[in-house]
1. Hey, can you tell me all the residues within region B:128-147 that are of a type outside the set (A, V, I, L, M, F, W, C), within 19 Å of B:A102 (Cβ to Cβ) and crowded, with 18+ Cβ neighbours inside 10 Å?
2. In this structure, does B:R363 turn out to be farther than 30 Å from B:F186 by Cβ and in contact with a strand residue (DSSP E or B) (Cβ under 9 Å, 6 or more places away or on another chain)?
3. Determine whether B:F33 is within 18 Å of B:A131 (Cβ to Cβ) and modelled with pLDDT under 95.
4. Taking the condition under 16 Å from A:V64 (Cβ atoms), modelled with pLDDT under 95 and not in a strand (DSSP E or B), does B:R305 pass?
5. Given the criteria in contact with an Asp or Glu (Cβ under 7 Å, 6 or more places away or on another chain), surrounded by fewer than 19 Cβ atoms within 10 Å (Cβ to Cβ) and modelled with pLDDT of 95 or more, does B:N150 qualify?
6. Right, B:L300: crowded, with 22+ Cβ neighbours inside 10 Å and either in contact with a helix residue (DSSP H, G or I) (Cβ under 9 Å, 6 or more places away or on another chain) or assigned to a strand (DSSP E or B) (or both) or not?
7. Give region A:25-78 a look and list any residue that's assigned to a loop (DSSP other than H, G, I, E, B), within 11 Å of chain B (Cβ to nearest Cβ) and polar (S, T, N, Q), or say none.
8. With the checklist (1) farther than 18 Å from A:D13 by Cα; (2) surrounded by fewer than 20 Cβ atoms within 10 Å (Cβ to Cβ); (3) modelled with pLDDT under 95 in hand, flag the one item A:D35 doesn't pass.
Amino acid sequence: MALEYPEDLKYLDSHEYARLDGDIATIGITAFAVDQLGDIVFLELPDVGSALTKGETFGTVESVKAVEDLNAPISGTVIERNDPMVEAPEQLAEDPYGEGWLLKVKFEDASELDSALSASEYQSQVEGE
Amino acid sequence: MTNHSEEMHPIASLFRSPLYDLYREAQARIVPFSGWEMPVQYSGILPEHRAVREAAGMFDISHMGKFAISGANVIDALQQLVPSDLSHLQPAEAQYTVLLNAQAGIIDDLIVYYQGVDTKGEQRVMLIANAATTIKDREWLLANLPSSLNFQDLSPTKVLLAVQGPQAVSLLQTCVQEDLSQVKRFGHLEGTVLGQPGFLARTGYTGEDGFEVMVDPQTGIDLWRSLLNSGITPCGLGARDTLRLEAAMALYGQDIDETTTPLEASLGWLVHLDRKGDFIGRTVLEKQKQFGVARKLVGLQMEGRNIARHDYPVLFNQEKVGVVTSGTLSPTLGKAIALAYVPTHLAKTGQDLDIEIRQKAYRAIVVKRPFYKSTAIPIL
């Protein structure tokens, strides 16, 4: 199965992505991460209003076998959480870049993403794994 | 994401089953496990789990320890090493039991298959044990069994295939000459598999009906292909773990080890103090039986969605009182389930406890084991 790496996203090597739109970042995990995890059975995300700090853990995703921390690609305040995914995390795999987003965050400093990877950088990194 | 699961460190030379190339053909994801390169999943843990509960799945378990022992009094000799009474085993019957050290700690759990007396008047027994403990078991058995017995380690030379699920027996039957429906649960026979000799036992590690089949490597390869063609789902270690946990079967090295006794591990049903004489570890078990054990392995069900995992603390009144040994989301029940050691006074069914998950406490309740019981297992 060919995995997608949308051009408009910024990627972390720990497999989170951020999509910027004005001062809002949509955060999720990549198709590669979903493929590696296998069946996702649990998702824990912070409440709306919580603060995210770049590089720090903001939540957890679990497959049947693995527990993974989610790392924040950018600092900001959570303005929306994808509760349908928390309720039915198995659906995350179907559309990780669309319906399967995790958080929308209001951020202040877009330059925090300067060190993040482009689509092609991320793709070559994970496909080399 | 940052991984918190236990990772096995790849070591220089890993064993490969004779079926290794077939895993790859079947698109397996392969991981190091107990010194072997093993398939953790093929189509996915959940679909494989469902296949075994609803139809049939097959697992390559060639990595497991396999010992053939024969001699004048094999059963009597083995009686000294296990807490179970083997003297009532009839030919073609088997007993799940444990090897104990002097402290009654579990060296391994295994199945003793009594094959009866051969033409030379010698008793024959097959033992199937865990992969990671094969060398340790062999050393223990050789040190503690009379040297007059003939001991053969078949581990590296045989393929062992577990075919499990409500349709397993009828699908396997097409490859086997003997009538498998006549074999009782825990029964076994030496039969003919695809025209070749094989050992077939109605045992497993999934909580479903099925057989474990031991054959030569080439027959194993042919059997795998035949079963795959008949629609049996290839399954990996991931599904094997969720299936055995729903059936509340202990995993050696995780739920039981040399620091746990069978009475602590809630394996009291295989401790037969009244029915047999001395054995290694008996003194400790007698004391534990008389005065009780301080802790017990119990089944837990989480109230919410959070999943208790191996090594998570068990809390009572905000204090750590025990530890989770195995935990997962039960695919069949849709609930998070776990095995945990807790103080005996907190081990009763219905007891409320908490599990500490990422510094927060989540409610769990002690429930009856097994978590799942098949209705399809025949009581013959």
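The values are calculated or read from the model by the stated rules, or taken from the named source; none is laboratory data. On a predicted model such as this, the values are computed, not experimentally measured, just so you know. All Cβ positions, even for glycine, are placed from backbone atoms using ideal geometry, and neighbour counts span all protein chains on display.
1. B:T133, B:D137
2. Here the answer is yes, as B:R363 does meet what is asked.
3. Details: within 18 Å of B:A131 (Cβ to Cβ): yes; modelled with pLDDT under 95: yes.
Here the answer is yes, as B:F33 does meet what is asked.
4. yes
5. When the stated conditions are applied, B:N150 does not pass them.
6. Working: crowded, with 22+ Cβ neighbours inside 10 Å: yes; either in contact with a helix residue (DSSP H, G or I) (Cβ under 9 Å, 6 or more places away or on another chain) or assigned to a strand (DSSP E or B) (or both): yes.
Yes; evaluated as a whole, the condition is true for this residue.
7. Answer for region A:25-78, where residues must be assigned to a loop (DSSP other than H, G, I, E, B), within 11 Å of chain B (Cβ to nearest Cβ) and polar (S, T, N, Q): just A:T30.
8. Failing condition for A:D35: (1).
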